[in-house]
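Notes follow once the structure below has been shown.
The values are calculated or read from the model by the stated rules, or taken from the named source; none is laboratory data. Just so you know, these numbers come straight off a predicted model, no measurement behind them. A quick note on method: Cβ atoms are made from the backbone with ideal geometry, for glycine too, and the neighbour counts reach across all protein chains shown.
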Amino acid sequence: MKFNPLLLILLFLELTSSSSAAPLPNDAAALLHFKSKADLRNQLNFSPKSSSAFCKWKGVECSDSRVIRLIVEDVKLGGVFAPNSLSQLAELRVLSLQNNSLTGPIPDLSGLVNLKALFLNRNYFSGAVPPSLSALHRLKTVDLSYNMLAGSIPASLNGLDRLYYLRLDFNRLNGSVPPLNQSSLQIFNVSHNDLTGAIPVTPALSRFNSSSFSLNSGLCGEIINKECRSERPFFGSQANVTAAPPNSQAAVLGQTAKLDGAGGVMRRHKRAALAIGVTIGACIFAISVICVGIAARRRWRRAAGKGEMAKIGLEPSVTGNEEAVMRIEEENDELAEKVKRAQEVKQQQQMLVGKSGSLMFCAGEAAVYTLDQLMRASAELLGRGTMGTTYKAVLDSRLIVTVKRLEAARFAAAKQEVFEGHMGAAGGLRHPNLVALRAYFQAKEERLLIYDYHANGSLFSLIHGTKSGKAKPLHWTSCLKIAEDTAQGLCYIHQAWRLVHGNLKSSNVLLGSDFEACLTDYCLMAVATPAPDEDADSLACKAPETLRASHGEATSKSDVYSFGVLLLELLSGRPPSQHPNLAPDEMMRWLRSVRGEEGGESRLEMLLEVALACSVASPEQRPTMWQVLKMIQEIKEMILMEDSEFNPNPN
C-alpha cells in the first residue's frame with residue numbers, strides 16, 4: 001500500500017477540528033433542556049451560543065463550574081417542568097421557580113441529592129406531591145403551596161430529619177396528615193386542602209396552632225379542638241356541609257321542594273308519594289303562616305306598649321303603632337315573596353326532568369352519583385341570571401351541590417360536540433379561586449352544570465346587603481384580599497389555559513368557607529349567544545369593545561376591564577351603573593365621599609389606581625391580568641412593610 005501524505009494531513013485536520021468544539025457542559029445542557037419546555041415566552045437568557053458561560057446566565061450561581069443555585073422567579077414561565085432536566089444538576093443546593101405559571105406534574109427530583117431548599121410555590125403544578133422528595137435527605141425547606149396538587153401527603157416525608165420548613169397549603173390534597181415528628185420542623189402549613197381525619201398528636205405537630213390546618217373541614221382532633229366523628233364523604237369534599245348563614249342567598253330565597261325523577265315518567269306510587277308530600281308541605285306552610293302571624297301580633301303589641309317604647313326612646317303614640325304596622329306589612333310581603341318563589345321552584349322542577357344521556361364528570365372526577373339521583377334530590381332555588389337558573393341540590397348522600405340549568409335559548413346554537421369539548425376544557429380548571437365545575441349534562445335542549453356549593457353566598461350580597469339591611473362599603477383590607485383572590489383566579493384562566501371568563505361581575509364571585517373569593521360562570525360566553533336584555537349593572541361590567549361587537553366576543557382584555565369595574569364596586573360599595581366617569585383626582589374625592597371615612601386613604605388610592613388602569617376604554621392600554629396581580633401583590637407587600645415599621649414588636 002502506497003503512503004499518501006495528503007490523506008494523513010486531511011485526517012489530522014478533521015480530528016483537530018472536531019476536538020476543538022468542546023462538548024456542551026452537563027449542567028448547561030440540563031438548563032437548556034429545562035428552558036426548551038418551561039420558557040414558552042422566551043424570558044430566560046439561556047442560549048447554546050453562550051453555553052460556555054452558563055454560570056453567568058441570569059438566576060444561575062455556580063461553584064467550581066457546577067450549578068449550586070437556580071433562582072428563576074416572577075419571569076412568566078408558562079410551560080412544564082420537564083423530567084430529566086434540572087434533576088441532572090447533582091450539585092444544586094437551592095431551586096426556586098416560585099411565582100410563575102408552570103403546569104403539569106412535578107417531575108422526579110431524586111437526582112438532586114444535594115438539594116437543601118425547594119421553592120415551587122405559586123405555580124399551577126398538578127398531580128401528586130413527588131415521593132422522590134423523601135430521597136433528598138439534605139432537604140430543609142420545601143414550599144409547594146398555591147398549586148393544584150392532589151393525592152395524599154407522602155408519609156415518607158417523615159424521613160427528612162433535617163426538615164425545617166414545609167408548606168403545602170392551597171392545594172387539593174386529600175387523605176390524612178402524616179405523623180410528622182421532626183424536632184427540626186419549625187414552619188408547617190397544610191391549610192386549604194381536602195384533608196380528613198384526626199391530626200396525629202406528635203410533639204412536632206403539636207407546636208402548630210389551628211391556622212396551620214384551617215380550611216380542611218374534614219380534619220379533627222385535639223390540636224384543632226374539634227371532636228372526631230364518623231362522617232360520610234361528600235362530593236368534592238370530605239367535610240360536612242353546613243347550613244347557609246342568614247344572609248346567604250339560600251336563606252333569603254328559602255323554600256325547598258323535590259325534583260321530579262329522571263325520565264319525566266312518574267309511576268302511580270310516585271304520584272301517591274308526591275300527593276302526600278304536597279299535603280304535608282301545605283300543612284307545614286299553613287302552620288308557618290299562623291306562627292308568623294302570632295309572632296307578628298306579639299311584636300306589634302310589645303311595640304305599642306309604654307315599656308317597649310321607652311326602651312327605644314319613643315313615647316307611645318300613633319307613630320309607634322304605624323311602625324309596628326309597617327313591620328308586619330314588610331313581613332307579610334316577605335312571606336308572599338317566599339310563597340311566590342316556592343311556586344316558581346315547583347314550576348321549574350316540573351321542567352327539570354331527566355332525559356336520555358348521562359352525567360359527564362370533569363377532570364377525572366369519580367362518578368359518585370347518577371343523573372337519576374340528582375333529579376330526585378331536594379332542590380332549592382338560589383336565583384336566576386342571564387345564563388340560567390341556579391339551584392341548591394341536596395342528594396340522598398347528604399352531598400350538597402349547585403346545579404345551573406342553562407337558558408335553552410342562549411345555548412341552542414352550540415352544537416353538542418362543541419359544547420362537550422368546551423365544557424371538558426372548562427371542567428379541567430382547578431384553582432383555589434375558582435368554583436370547581438364537577439360535571440355537566442346535555443340532552444336535546446337540556447343542559448345542566450354541577451358546581452361545588454358555596455354557603456356564604458355571592459360577593460354582590462356581601463357588598464350590597466339584602467332586603468333586610470344595607471351593607472356598608474367593605475374595609476380596605478377585605479377589598480385587597482378579595483381583589484387578590486379574584487385576580488389569581490382570572491390570571492389562572494388566562495395564562496394556564498388561554499381561556500377567558502367573559503362574564504365577570506360581583507354576582508359571579510362566590511365566597512368560600514374562609515370568605516375567599518371564587519369565580520363561577522366562567523368560560524360560558526364562548527358557547528352562548530349575547531343576552532337579549534341585560535340590566536344596567538351587567539352592561540356596565542362589559543368592556544366598550546364587547547358592547548360594540550355584534551357577537552359580543554369576550555377577550556382577556558375585556559376580562560381586565562370587568563375586573564376594574566368589580567374593584568371599583570368593591571371600594572365604593574356602589575353598583576357598576578352608579579360609577580361616575582371622572583378624572584382620577586375627582587374619582588378619589590368621589591370615593592372618599594361615598595365611603596365616608598378618612599383612614600387608609602393612601603391605600604385606597606393605590607387600589608383605585610389599579611381599578612382605573614384596568615377600566616380604560618382602549619384594550620391595548622389595559623394591563624394583562626398577570627400585571628394586575630403583580631400590582632395588587634406589590635400593594636400588599638408595601639402595606640405589610642409599613643405595618644411592620646410602625647409595629648416592630650407587635651407582641
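Inspection of the range 575-591 identifies at least one residue that is of a type outside the set (A, V, I, L, M, F, W, C), assigned by TED's automatic domain parsing to the domain that holds E420, assigned to a helix (DSSP H, G or I) and in contact (Cβ under 8 Å) with a residue 40 or more places away in the chain. The numbered conditions (1) touching a residue at least 60 places away in the same chain (Cβ under 8 Å); (2) within 24 Å of S212 (Cα to Cα) are all true for A443 except (2). Of all positions in the range 583-605, none carries a residue that is within 30 Å of N123 (Cβ to Cβ) and either surrounded by fewer than 17 Cβ atoms within 10 Å (Cβ to Cβ) or touching a strand residue (DSSP E or B) at 6+ places or on another chain (Cβ under 9 Å) (or both). Within the range 120-145, the set of residues being within 26 Å of A363 (Cα to Cα) and β-branched (V, I, T) comprises V129 only. Can you tell me which residues in the range 614-628 are more than 13 Å from Q495 (Cβ to Cβ) and either in contact with a strand residue (DSSP E or B) (Cβ under 7 Å, 6 or more places away or on another chain) or part of a helix (DSSP H, G or I) (or both)? Listed by number, the residues that qualify are C614, P619, E620, Q621.
Once the range 188-211 is narrowed to residues that are free of Cβ contacts under 8 Å to residues at least 24 places away in the same chain and not in a loop (DSSP other than H, G, I, E, B), the residue that is surrounded by the fewest Cβ atoms within 10 Å (Cβ to Cβ) is S211.
Among the residues of the range 41-49, is any on the phi > 0 side of the Ramachandran plot and touching a Phe, Trp or Tyr at 6+ places or on another chain (Cβ under 8 Å)? No; the residues of the range 41-49 include none that is on the phi > 0 side of the Ramachandran plot and touching a Phe, Trp or Tyr at 6+ places or on another chain (Cβ under 8 Å).
Condition (residue is under 22 Å from C541 (Cα atoms) and among the β-branched types (V, I, T)) applied to the range 417-438: is it met by at least one residue? Scanning the range 417-438, I find at least one residue that is under 22 Å from C541 (Cα atoms) and among the β-branched types (V, I, T), so the answer is yes. The selection criterion, being buried (at least 17 other Cβ atoms within 10 Å of the Cβ), over 26 Å from the mean Cα position of the chain (by Cα) and either at pLDDT 95 or above or not in a helix (DSSP H, G or I) (or both), holds for L185.
Summed over the range 530-572, residues that are in a helix (DSSP H, G or I), more than 30 Å from K472 (Cβ to Cβ) and within 24 Å of the chain's Cα centre (by Cα) total 3. When the criteria are applied in full, S85 meets the requirement of being of a type in the set (S, T, Y), touching a His at 6+ places or on another chain (Cβ under 8 Å) and within 29 Å of K630 (Cα to Cα). At least 3 residues being crowded, with 18+ Cβ neighbours inside 10 Å is the threshold, and among the strands (runs of 3 or more DSSP E) wholly inside the range 88-131 those reaching it are 117-119, 124-126. Of all residues in the range 219-230, those satisfying the criterion of being surrounded by fewer than 20 Cβ atoms within 10 Å (Cβ to Cβ) and not in a loop (DSSP other than H, G, I, E, B) are G221, E222, I224, K226. When K392, K404 are screened for being among the charged types (D, E, K, R), in contact with an Asp or Glu (Cβ under 6 Å, 6 or more places away or on another chain) and outside any loop (DSSP other than H, G, I, E, B), only K392 passes.
Taking the listed residues M375, M360, the one that is at pLDDT 80 or above and surrounded by fewer than 20 Cβ atoms within 10 Å (Cβ to Cβ) is M360, with no other qualifying.
The set of residues in the range 492-509 that are modelled with pLDDT of 90 or more and either among the aliphatic types (A, V, I, L, M) or in a helix (DSSP H, G or I) (or both) comprises V500, L504, S506, S507, N508, V509. The criterion of being over 16 Å from P130 (Cα atoms) and of a type in the set (A, V, I, L, M) holds for L180.
Residue selection: A150 fails the criterion of being at pLDDT below 95, surrounded by fewer than 21 Cβ atoms within 10 Å (Cβ to Cβ) and out of contact with any Lys or Arg (no Cβ under 9 Å at 6 or more places or on another chain).
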